Amino acid sequence: VVIFVAMIRASWILTIVILFTITAIFFVSVKIVSKAGKHFVGQQRSLGAVNGFVEEMINGQKVVKVFNHEDEAKAQFDKLNEELCHNAYTAGKLTNMMGPVNNNLSYIQYAILAIVGGIICVSSDGDLLTLGSLMTFMLLSRSFNMPISQVSNQINAIVMALAGAERIFELMDEVPETDDGYVTLVN
């Protein structure tokens, strides 16, 4: 807030420019995080499917052997594992993209501020903005962007945690099976 007030005092015109660019950075970040979130949820579901399949195959190993089902089980495992790999790779790729994208957009914002500020300095002969005020504003803009960039990078960790928590909450919401003590055998 203090930095924002200082930027307004240095140049209200450049403050408006920085608000537009930060809005663009925010929308790009939200787009990337939403795509990554979908793949984190998919990764968690795929992980659950792979773990469930492996547990069933290990517990039913004798049945798999008796009915000669090894090749089909391996093919099904490969399919589940490929889906997990795809979701994990895409989620990781989007997560790792977030930092460089934010940094590049921040550099573009810095260049836009320098160009617009330079035009204002030259066209107004220092009446609206002096060169010293422009340099001050440029430093303030860097200080203003740093926490925003850090928060957007931390949002990925939050989205990943929420995807894992979703599986836990689904499990907690499951209705327990009742055992009435009666077993019906079917031949």
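The values are calculated or read from the model by the stated rules, or taken from the named source; none is laboratory data. Predicted, not measured: the structure shown is a model, and the values here were computed from it. Reconstructed Cβ throughout: ideal geometry from the backbone, glycine too, with neighbour counts over all protein chains shown. Calculation scope for accessible area: heavy atoms of the full protein, side chains included, ligands and nucleic acids excluded. Shrake-Rupley method; radii C 1.70, N 1.55, O 1.52, S 1.80 Å.
Using a simple spin-label model with pseudo-atoms 7 Å out from Cα toward Cβ, ASN59 and THR184 lie 2.2 nm apart.
Diffusion of the chain by Stokes-Einstein, at 4 °C in a medium of 1.567 mPa s and with Rh set to the Kirkwood radius over alpha-carbon pairs, works out to 61 µm²/s.
Provide the per residue accessible area, probe 1.4 Å, for the chain, rounded to a whole number of square angstrom. Could you put the intermediate results ahead of the total?
Working: 13050 Å² over 187 residues.
Value for the chain: 70 Å² per residue.
Each of GLN76, ASN59, GLY117 was scored by the projection of its Cα onto the charge dipole of the stretch 1-127, and the greatest displacement toward the positive side belongs to GLY117; charges sit on the C-beta of Lys, Arg, Asp and Glu. Across the alpha-carbon set of the stretch 137-187, the Rg to Rh ratio works out to 1.58, Rh being the Kirkwood radius.
Per-atom-type breakdown for the chain gives carbon and sulfur 65% of the accessible area (1.4 Å probe, protein chains only).
Over the alpha-carbon set of the stretch 1-88, divide Rg by the Kirkwood Rh and report the Rg/Rh ratio to two decimals. Walk me through the intermediate numbers first.
Numbers: Rg = 25.5 Å, Rh = 17.2 Å.
With Rh from the inverse mean 1/r over Cα pairs, Rg/Rh is 1.49.
Can you tell me the length gained on complete extension of the stretch LEU139 to SER34, counting 0.36 nm per residue apart and subtracting the Cα distance? Before the final figure, lay out each step's value.
Numbers: separation 105, 0.36 × 105 = 37.80 nm, distance 3.11 nm.
Answer, rounded to one decimal: 34.7 nm.
What you get for the chain, charging only the Cβ of Lys and Arg (+1) and of Asp and Glu (-1), is a dipole of about 1020 debye around the Cα centre.
FRET efficiency for GLU166 and PHE77, Cβ-Cβ distance as r, R0 = 22 Å, nearest 0.05? Provide the component values of the computation, followed by the final result.
Working: r = 24 Å, r/R0 = 1.10.
FRET efficiency, GLU166 to PHE77: 0.35.
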